[in-house]
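To start, the structure itself, in structure tokens.
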Amino acid sequence: MHFQKITGLIAATFTPFDKRGNLATDLIPRYARFLQKNGIRGAFINGTTGEGSSLTFLEKSILMEVWAKEQTPDFKVIAMLGGTSQQEAVQLGRKAQEWGLSGTAVTAPYYFRPAELTQLVDYLAPIAGAAESLPFYFYHIPLLTRVELSMLALLEQVEGKIPNFAGIKYTHHNLMEFNQCLRFNSGRWDALWGWDEIFLAGLSMGAKGAVGSTYNFAAPLYRAIQRAFDAGNMEKALHLQEKSIDFVHLYGSFGGPAAGKALLKLSGLDCGSFRAPVASLSGQQLKALESELIRQGFFDLIDALSDN
């Protein structure tokens, strides 16, 4: 089974919550239009950025159903099905197929971790099979799962075992392995780059599609990096990538993951707070973050690049 490979930017979306911490699904149509206006090619929902591990089964289901309505031929919606519960992921996979999503994904189990690839493949196969007509991606993020198995070996093992396997969402710094995955078996499978602040490095290793959280509010910057790279202007591409590095570097001093959701709010789309244990920014922190971004010229840069 072969699927069309993903090109361009896919936003790893934040889950919108209201002031009481409940889903704010009424914001999703506006969210989708906001992304499309900025040249985003799709949404990766219920993942790390979307706090999938903090969502209930019902909440994930609702988000999948609502986001599915925002799909167009030029805007895909891929749903993360989970990580620790195979049975829950299977049930969500069935719903993904029922609602006609563009694809599904799953991480390695991060509590009882697979020690070898056969365990991982045995875990993935029933989940992929629950939505057998949809492309299935393995979400490789060893920084969080602590599962550091070879992705090249995974591609070797899925052959014949997971017919709808489409590729890997690769959020790791092993650029050599990433390139090997892209080239494996004459480039049969997709490999989506997942590390925004070294987007240019991913491009240099052959990435054609990427999934990231900062594409939510800085898509014009990454599209400009792509254009400069395609034009062979590496000096300009690196200069622009350094702008990404500068604002991402702020995250650690402003609450880590919560800083991204706060930055989206400053960009005009308020998705509420993060769920515990992630601490959301206070009003004072939000003002400080905004001041630092203004000092960096972030908003002026995004506005300027949006016109291109």
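Those residues that are among the hydroxyl-bearing types (Ser, Thr, Tyr) and touching a Ser or Thr at 6+ places or on another chain (Cβ under 8 Å), I need them from the range 190-213; list them, please. I'd like the intermediate steps shown before the answer.
At the first step, the residues of the range 190-213 found to be among the hydroxyl-bearing types (Ser, Thr, Tyr) are 204, 213.
Matches in the range 190-213: Ser213 only.
Suppose the filter is under 19 Å from the mean Cα position of the chain (by Cα) and within 24 Å of Leu35 (Cα to Cα); does Leu263 pass it?
Details: under 19 Å from the mean Cα position of the chain (by Cα): yes; within 24 Å of Leu35 (Cα to Cα): yes.
Judged against the criteria, Leu263 is a match.
Within the range 14-27, is even one residue within 22 Å of Gly209 (Cβ to Cβ), buried (at least 19 other Cβ atoms within 10 Å of the Cβ) and touching a residue at least 24 places away in the same chain (Cβ under 8 Å)?
As a first pass, look at the range 14-27 and keep what is within 22 Å of Gly209 (Cβ to Cβ): 14.
Those left that are additionally buried (at least 19 other Cβ atoms within 10 Å of the Cβ): 14.
Narrowing the set further to residues that are touching a residue at least 24 places away in the same chain (Cβ under 8 Å) leaves 14.
Looking through the range 14-27, at least one residue is within 22 Å of Gly209 (Cβ to Cβ), buried (at least 19 other Cβ atoms within 10 Å of the Cβ) and touching a residue at least 24 places away in the same chain (Cβ under 8 Å).
In the range 1-60, what residues are part of a helix (DSSP H, G or I) and among the hydroxyl-bearing types (Ser, Thr, Tyr)? Let's see the steps before the verdict.
Initially, the range 1-60 is screened for residues part of a helix (DSSP H, G or I), giving 25-37, 52-54, 57-60.
Of everything in the range 1-60, those that are part of a helix (DSSP H, G or I) and among the hydroxyl-bearing types (Ser, Thr, Tyr) turn out to be Thr25, Tyr31, Ser53, Ser54.
Just checking: which of the helices (runs of 4 or more DSSP H) contained wholly in the range 237-308 hold 1 or more residues that are free of Cβ contacts under 8 Å to residues at least 24 places away in the same chain, farther than 19 Å from Ala11 by Cβ and not hydrophobic (A, V, I, L, M, F, W, C)? Can you show your working first?
Working: elements: 257-266, 283-296, 298-306.
The qualifying helices (runs of 4 or more DSSP H) are 283-296, 298-306.
Every residue in the range 183-215 that is under 14 Å from Lys169 (Cα atoms), hydrophobic (A, V, I, L, M, F, W, C) and without any contact (Cβ under 8 Å) to a residue 60 or more places away in the chain, please.
Answer for the range 183-215, where residues must be under 14 Å from Lys169 (Cα atoms), hydrophobic (A, V, I, L, M, F, W, C) and without any contact (Cβ under 8 Å) to a residue 60 or more places away in the chain: Trp189, Ala191, Trp193, Trp195, Phe199, Ala207.
Quick one: in the range 84-130, which of the residues that are closer than 19 Å to Glu159 by Cα and of a type in the set (Asp, Glu) is surrounded by the most Cβ atoms within 10 Å (Cβ to Cβ)?
Taking the candidates together, the pick is Asp122.
Could you please let me know if Thr84 is at pLDDT below 95, farther than 25 Å from Lys5 by Cβ and either out of contact with any Ser or Thr (no Cβ under 6 Å at 6 or more places or on another chain) or among the aromatic types (Phe, Trp, Tyr) (or both)?
On the way: at pLDDT below 95: yes; farther than 25 Å from Lys5 by Cβ: yes; either out of contact with any Ser or Thr (no Cβ under 6 Å at 6 or more places or on another chain) or among the aromatic types (Phe, Trp, Tyr) (or both): yes.
For Thr84, the condition - at pLDDT below 95, farther than 25 Å from Lys5 by Cβ and either out of contact with any Ser or Thr (no Cβ under 6 Å at 6 or more places or on another chain) or among the aromatic types (Phe, Trp, Tyr) (or both) - is met.
Looking at Pro73, Pro109, can you tell me which residue is in contact with a helix residue (DSSP H, G or I) (Cβ under 8 Å, 6 or more places away or on another chain), free of Cβ contacts under 8 Å to residues at least 40 places away in the same chain and on the phi < 0 side of the Ramachandran plot? Don't jump to the end; show me each part of the working.
Working: Pro73 fails: in contact with a helix residue (DSSP H, G or I) (Cβ under 8 Å, 6 or more places away or on another chain).
On inspection, the qualifying residue turns out to be Pro109.
Among the residues of the range 61-85, write down those that are over 20 Å from Ser133 (Cβ atoms) and in a helix (DSSP H, G or I).
Correct list: Ile62, Leu63, Val66.
With respect to the numbered conditions (1) farther than 24 Å from Pro16 by Cα; (2) in contact with a Ser or Thr (Cβ under 7 Å, 6 or more places away or on another chain), which one is the sole condition not fulfilled by Ser280?
Ser280 satisfies all of (1) farther than 24 Å from Pro16 by Cα; (2) in contact with a Ser or Thr (Cβ under 7 Å, 6 or more places away or on another chain) except (1).
Which one of Gln97, Gln119, Gln91, Gln87 is over 19 Å from the mean Cα position of the chain (by Cα) and under 25 Å from Gln36 (Cα atoms)? Working first, answer last.
Values: Gln119 fails: under 25 Å from Gln36 (Cα atoms); Gln91 fails: under 25 Å from Gln36 (Cα atoms); Gln87 fails: under 25 Å from Gln36 (Cα atoms).
Exactly one of Gln97, Gln119, Gln91, Gln87 is over 19 Å from the mean Cα position of the chain (by Cα) and under 25 Å from Gln36 (Cα atoms), namely Gln97.
How many residues are modelled with pLDDT of 95 or more, small (Gly, Ala, Ser) and either closer than 17 Å to Ile198 by Cβ or under 22 Å from the mean Cα position of the chain (by Cα) (or both) if we restrict to the range 231-257?
Summing the residues that are modelled with pLDDT of 95 or more, small (Gly, Ala, Ser) and either closer than 17 Å to Ile198 by Cβ or under 22 Å from the mean Cα position of the chain (by Cα) (or both) in the range 231-257 gives 2.
Residues Ala231, Ala219, Ala237, Ala258: which one is in contact with a Phe, Trp or Tyr (Cβ under 6 Å, 6 or more places away or on another chain), over 23 Å from Asn22 (Cβ atoms) and of a type in the set (A, V, I, L, M)?
Details: Ala231 fails: in contact with a Phe, Trp or Tyr (Cβ under 6 Å, 6 or more places away or on another chain); Ala219 fails: in contact with a Phe, Trp or Tyr (Cβ under 6 Å, 6 or more places away or on another chain); Ala258 fails: over 23 Å from Asn22 (Cβ atoms).
Among Ala231, Ala219, Ala237, Ala258, only Ala237 is in contact with a Phe, Trp or Tyr (Cβ under 6 Å, 6 or more places away or on another chain), over 23 Å from Asn22 (Cβ atoms) and of a type in the set (A, V, I, L, M).
The values are calculated or read from the model by the stated rules, or taken from the named source; none is laboratory data. All values reported here derive from a predicted model rather than from experimental measurement. When we count neighbours, we look across all protein chains shown, and the Cβ atoms used for this are built from the backbone with ideal geometry, even at glycine.
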